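**Q** My structure is below; once you've seen it, I'll send some questions.
The values are calculated or read from the model by the stated rules, or taken from the named source; none is laboratory data. Values in this document were obtained by computation on a predicted structure and should not be read as measured data. Virtual Cβ from ideal backbone geometry, glycine too; neighbours counted across all protein chains shown. Surface accessibility is based on the protein's heavy atoms, side chains included, excluding ligands, DNA and RNA. Shrake-Rupley method; radii C 1.70, N 1.55, O 1.52, S 1.80 Å.
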Amino acid sequence: QVQLVESGGGLVQAEDSLRLSCVASGRTFSINTVAWFRQAPGKEREFVSYISWGGSTTHYADSVKGRFTISRDNAKNTAYLQMNSLTAEDTAVYYCAAGARELGVSMFLYDYWGQGTQVTVSS
């Protein structure tokens, strides 16, 4: 089992920045990919970004490309999501997910999920 705990969400103004963190514990050696998803009120959960746990492969949703940066620190078992130039459309609960399968954008590839952290951007 892998446990994931997110932090770093909050209420910010448009154009502000936030950095989300996701700390993994448990059987972290089994992780191949860590991803961030988000879910806005009344909408389905959507992919934001992923990173390979043992390498440097990253991928972003078009809606965040150029504004968000995903990274990881294996020594700390932590993944990050740096979010810049935030807009009201980025308001959502952000979830960290981890999985042992191949890299991908489908939420069904990820077996472990955090509890989510709220990001609210006011315009």
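**Q** Among residues belonging to the range 78-104 that are modelled with pLDDT under 95 and under 15 Å from the mean Cα position of the chain (by Cα), point out the one that is surrounded by the most Cβ atoms within 10 Å (Cβ to Cβ).
**A** Our first condition is that a residue be modelled with pLDDT under 95; within the range 78-104, this holds for 99-104.
Okay, now just the ones that are also under 15 Å from the mean Cα position of the chain (by Cα), so 99, 103-104.
Details: 99: 24, 103: 17, 104: 15.
Applying the filter and picking the extreme gives 99.
**Q** Say we look at the range 47-60 and pick out the residues that are under 17 Å from residue 6 (Cα atoms) and of a type in the set (Ser, Thr, Tyr); which of these is most open to solvent (accessible area, probe 1.4 Å)?
**A** Here is the first cut: in the range 47-60, the residues under 17 Å from residue 6 (Cα atoms) are 47-51, 53.
Right, trim to of a type in the set (Ser, Thr, Tyr) and you get 49-50.
On the way: 49: 0, 50: 29 Å².
Here the residue is 50.
**Q** Count, please, the residues in the range 61-77 that happen to be under 20 Å from residue 13 (Cβ atoms) and crowded, with 19+ Cβ neighbours inside 10 Å.
**A** Result for the range 61-77: 2.
**Q** Looking at (1) without any contact (Cβ under 8 Å) to a residue 60 or more places away in the chain; (2) under 14 Å from the mean Cα position of the chain (by Cα), which is the one condition that is false for residue 116?
**A** Unmet condition: (1).
**Q** Quick check on residue 50: is it more than 16 Å from residue 120 (Cα to Cα), in contact with a strand residue (DSSP E or B) (Cβ under 8 Å, 6 or more places away or on another chain) and at pLDDT 95 or above?
**A** Working: more than 16 Å from residue 120 (Cα to Cα): yes; in contact with a strand residue (DSSP E or B) (Cβ under 8 Å, 6 or more places away or on another chain): yes; at pLDDT 95 or above: yes.
Criteria met by residue 50.
**Q** State whether the residues of the range 19-40 include one that is assigned to a loop (DSSP other than H, G, I, E, B), over 17 Å from residue 112 (Cβ atoms), open to solvent by 50 Å² or more (accessible area, probe 1.4 Å) and of a type in the set (Gly, Ala, Ser).
**A** So the first thing to find is which residues in the range 19-40 are assigned to a loop (DSSP other than H, G, I, E, B), and the list is 27, 31-32, 40.
Those still in the list that are over 17 Å from residue 112 (Cβ atoms) too: 40.
Going one step further and asking which of them are open to solvent by 50 Å² or more (accessible area, probe 1.4 Å), we end up with none.
Looking through the range 19-40, none of the residues is assigned to a loop (DSSP other than H, G, I, E, B), over 17 Å from residue 112 (Cβ atoms), open to solvent by 50 Å² or more (accessible area, probe 1.4 Å) and of a type in the set (Gly, Ala, Ser).
**Q** Can you tell me which of (1) assigned to a loop (DSSP other than H, G, I, E, B); (2) among the charged types (D, E, K, R); (3) under 16 Å from residue 7 (Cα atoms) is the one residue 44 doesn't meet?
**A** In the conditions (1) assigned to a loop (DSSP other than H, G, I, E, B); (2) among the charged types (D, E, K, R); (3) under 16 Å from residue 7 (Cα atoms), residue 44 misses (3) alone.
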